[in-house]
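Okay, so here's the structure we're looking at.
We did not get these values from a lab; they are worked out from the coordinates using the rules stated. Quick caveat: nothing in here was measured; it's all calculated off a predicted structure. Ideal geometry is used to build each Cβ from the backbone, glycine not excepted, and the neighbour counts take in all protein chains shown.
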């Protein structure tokens, strides 16, 4: 399974004041707050970690059908600006994050092999929803394929997994 | 405190964060903060902090988990207020 989340940094600046009293305590663990305060750009770290939690939550929500607001239970294990794992009640999700000056974008997966099988959707793709969970109907097989959609401010990202494409793994040099 | 009053107060609290005006105008106890009002998930923290400030209550993590629609928000406010008395 896959999940994604994009943060438009300009809009986030307008919408949220992460320095508001109580804000970080409600959504970030002690370890995550340490990462934020130690970073040269705390604001970018806030949204980097937040997008990981959101992307992982989308998978968790599908796997368990549990809907709720529990950001502290989605714990980020930060490896680098781009890589990490999010753990939620014993479930682990690998995350890959892209950081630019305009946005932060995270893709979470249940199996790390999925990263290379991810296909971006066109913004005009026909998205259906059941219980607020999105999918598309494959035009050839007519089978419902799970997708993950994220939209924030100027940015829209939709992804699915392409299982049929032959996978070419690069061998170590 | 009566329910209508709480709904009105809650409407004032969520107003700055809503994206879907139509759903806001038609708000009922069944209205979902994220799916209907399209409140950004990071702004849900602001809604929770605003509720805490307005009613002088503390919303613990367990209660926060359920804070996804008007109905649970009202229940949580009511419970926390009664615990305080």
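The angle between the Cα long axis of helix A:42-64 and the longest principal axis of the Cα atoms of chain A comes to about 40 degrees, rounded to the nearest 10. Relative to its Kirkwood radius, the Cα radius of gyration of chain B gives an Rg/Rh of 0.93.
Got a sec? Which residues in segment A:113-132 would a label at residue A:102 touch, if it sits 7 Å along Cα→Cβ and we count backbone N under 17 Å? Backbone N within reach: A:123. A Gaussian network model of chain A, with springs between Cα atoms under 10 Å, assigns the largest mean-square fluctuation among A:113, A:25, A:124 to A:124.
From its DSSP helices (H runs of at least four residues, each -39,500 (n - 2.57)), chain A gives a residue-normalised ellipticity at 222 nm of -7500 deg cm²/dmol. For the segment A:18-30, counting C-beta atoms of other chains within 10 Å of every residue's C-beta and taking the mean gives 3. The angle between the Cα long axis of helix B:3-14 and the main principal axis of chain B comes to about 60°, on a 0 to 90 degree scale.
Kirkwood analysis of the protein assembly as shown, using all unique Cα-Cα pairs, places the hydrodynamic radius at 19.5 Å.
Rounded to the nearest 0.05, what FRET efficiency do residue B:82 and residue A:128 give with R0 = 35 Å and r taken as the Cβ-Cβ distance? Could you check?
Values: r = 43 Å, r/R0 = 1.22.
After rounding, the FRET efficiency stands at 0.25.
Could you check how many percent of all C-alpha pairs in segment A:2-116 are farther apart than 21 Å? Summing the P(r) tail past 21 Å for segment A:2-116 gives 31 percent.
Quick check on chain B: helices-only [θ] at 222 nm, where DSSP H runs of length 4 and up contribute -39,500 (n - 2.57) each and the sum goes over total residues. Nearest 500, please.
Values: 5 runs with 50 residues, N = 85.
Computed mean residue ellipticity for chain B: -17500 deg cm²/dmol.
Counting Cβ atoms of other protein chains within 10 Å of each residue's Cβ and taking the mean over peptide B:42-50 gives 6. Roughly what angle does helix B:43-55 make with the longest principal axis of chain B, taking Cα atoms, 0 to 90 degrees, to the nearest 10? Here the helix axis deviates by roughly 40 degrees.
Comparing B:30, B:62, B:52 in a Gaussian network model of chain B (Cα springs below 10 Å), the most mobile by mean-square fluctuation is B:62.
A simple spin-label model places pseudo-atoms 7 Å from Cα toward Cβ; at residue B:19 and residue A:118 they are separated by 1.9 nm. Would you please state which residues of segment B:1-45 a label at residue A:21 would reach in this model, taking the label point 7 Å out along Cα→Cβ and a backbone N cut-off of under 14 Å? Once the point is set 7 Å along Cα→Cβ of residue A:21, nothing inside segment B:1-45 turns out to lie under 14 Å by backbone N.
Just report the Cα centroid separation between segment A:1-26 and segment B:1-79, whole Å. Distance between centres, Cα-based: 18 Å.
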